[in-house]
Amino acid sequence: MLLLHGFTGSSRSWPPGVVDGLTSAGWRPVLVDLPGHGRHVGDVDPGRFALETVFEDLGRASGPDPCPVVGYSMGGRIALAYAVGHPDRVSHLVLESASPGLPTEAERARRREADDALATRIESEGVEAFIGEWEMLPLFESQRALAADARDAQRARRRVNDPRSLAAALRRLGTGALPSYWEALEALDMPVLLITGALDRKFTSIAEEMTDLLRRGHAVVVEGAGHAVHLERPDAWIGTVLPFLAERRASHTGRPI
């Protein structure tokens with residue numbers, strides 16, 4: 001299966017409890033580094049951020065057969081876009097704290113303007129200043145309850161990002177840059193699992209709306225977690241995802257791409 005991380009993350013953002021849990025159950029988690037992140041830090045080639053280029057990379061990573069695709073936040077938005085554009089490549093879709101985007105062009109235009117302003121600030125002030133601001137957003141408030149070593153490890157992973165790469169990801173793969181997929185939800189035929197944390201009311205509400213539109217959608221709200229369920233409650237994440245994927249099995253071990 002493919003695992004797609006969120007903004008400022010990388011293939012290393014998935015905790016051992018998630019990767020080991022999937023592997024122990026017989027799955028082969030392929031940990032994807034999205035454009036501008038992980039092994040792609042420093043790459044600002046506009047072509048690398050085009051959705052079709054991302055889709056080609058995902059297709060190569062998954063091999064010849066359809067497979068489950070898991071995405072968190074920004075990675076969930078891209079996973080949904082992949083499922084809409086290439087439904088024959090996705091057997092199951094798991095979206096954690098993800099949105100189908102903004103429904104109107106006016107909303108997307110305003111978001112593009114805001115993301116461009118943030119991108120410019122990241123470029124001028126640097127990653128360190130941005131990460132300090134990013135971690136204080138109300139969306140991530142629940143993560144302050146994580147153990148100190150877990151918070152420190154996550155901060156260290158975020159600090160290796162390049163300001164130009166993060167800016168490029170915001171401008172080309174941000175919520176305002178991608179189209180709305182709300183109207184495409186009804187056409188999806190694969191099983192879709194929507195995971196959110198109970199402390200993240202915004203994305204829990206979005207997941208409820210999405211479930212009403214999906215043919216085979218199922219929403220699960222995890223208690224004691226906020227936006228990053230896989231990080232805050234990896235036990236509950238595994239306990240939710242594995243039953244959903246129980247129909248299919250794979251083997252081997254995880255590897256980054």
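Here are a few things to note about the model shown:
Quick grid of which residues meet (1) under 16 Å from the mean Cα position of the chain (by Cα); (2) β-branched (Val, Ile, Thr); (3) at pLDDT 95 or above; (4) within 24 Å of Gln143 (Cα to Cα):
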residue: Met1; (1), (2), (3), (4): yes, no, yes, no
residue: Ser11; (1), (2), (3), (4): yes, no, yes, yes
residue: Val32; (1), (2), (3), (4): yes, yes, yes, yes
residue: Gly42; (1), (2), (3), (4): no, no, no, no
residue: Thr53; (1), (2), (3), (4): no, yes, yes, no
residue: Glu56; (1), (2), (3), (4): no, no, yes, no
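- Enumeration of residues in region 195-212 that are open to solvent by 60 Å² or more (accessible area, probe 1.4 Å) and either among the acidic types (Asp, Glu) or in contact (Cβ under 8 Å) with a residue 24 or more places away in the chain (or both): Leu199, Lys202, Glu208, Glu209, Asp212
- Residue in region 132-146 that is in contact (Cβ under 8 Å) with a residue 12 or more places away in the chain, assigned to a loop (DSSP other than H, G, I, E, B) and acidic (Asp, Glu) present: yes
- Scanning region 66-91 for residues that are open to solvent by 10 Å² or more (accessible area, probe 1.4 Å) and more than 14 Å from Val32 (Cβ to Cβ) turns up Pro66, Val84, Gly85, His86, Pro87, Asp88, Ser91.
- Residue check for Arg48: basic (Lys, Arg), open to solvent by 30 Å² or more (accessible area, probe 1.4 Å) and touching a helix residue (DSSP H, G or I) at 6+ places or on another chain (Cβ under 8 Å): yes
- Residue within region 97-112 that is part of a helix (DSSP H, G or I), among the polar types (S, T, N, Q) and over 16 Å from the mean Cα position of the chain (by Cα) present: no
- Of the numbered criteria (1) touching a helix residue (DSSP H, G or I) at 6+ places or on another chain (Cβ under 9 Å); (2) surrounded by 19 or more Cβ atoms within 10 Å (Cβ to Cβ), the one Arg108 fails is (1).
- Residue identified as out of contact with any Cys (no Cβ under 9 Å at 6 or more places or on another chain) and among the basic types (Lys, Arg) among Arg89, Arg60: Arg60
- Pairs with Cβ under 9 Å, 6+ apart, first in region 100-118 and over 28 Å from Val192 (Cβ atoms), second assigned to a helix (DSSP H, G or I): Asp116/Ala167; Asp116/Leu170; Asp116/Arg171; Leu118/Phe130; Leu118/Ala167; Leu118/Leu170
- The C-beta contact set for region 161-183 (first residue more than 9 Å from Gly101 (Cβ to Cβ) and part of a loop (DSSP other than H, G, I, E, B), second residue open to solvent by 40 Å² or more (accessible area, probe 1.4 Å) and not aliphatic (A, V, I, L, M), distance under 8 angstrom, 6+ apart or interchain) comprises Gly174/Arg111; Gly174/Arg112; Ala177/Arg112; Ala177/Arg171.
- Checking Glu141 against (1) under 20 Å from Leu118 (Cβ atoms); (2) among the acidic types (Asp, Glu); (3) surrounded by 19 or more Cβ atoms within 10 Å (Cβ to Cβ), the condition it does not meet: (3)
- Enumerated helices (runs of 4 or more DSSP H) restricted to region 193-257, each holding at least 3 residues that are modelled with pLDDT of 95 or more and farther than 21 Å from Leu22 by Cα: 201-213
- Screening Ala187 on (1) touching a residue at least 40 places away in the same chain (Cβ under 8 Å); (2) among the small types (Gly, Ala, Ser); (3) buried (at least 18 other Cβ atoms within 10 Å of the Cβ) shows it passes everything except condition (3).
- Residue tally, condition exposed (fewer than 13 other Cβ atoms within 10 Å of the Cβ) and within 18 Å of the chain's Cα centre (by Cα), over region 123-138: 1
The values are calculated or read from the model by the stated rules, or taken from the named source; none is laboratory data. None of these values were measured; they are calculated from a predicted model. FYI the Cβ positions are ideal-geometry reconstructions off the backbone, even for glycines, and counts take in every protein chain you see. Just the protein is used for accessible areas: all its heavy atoms, side chains included, with ligands, DNA and RNA removed. Shrake-Rupley method; radii C 1.70, N 1.55, O 1.52, S 1.80 Å.
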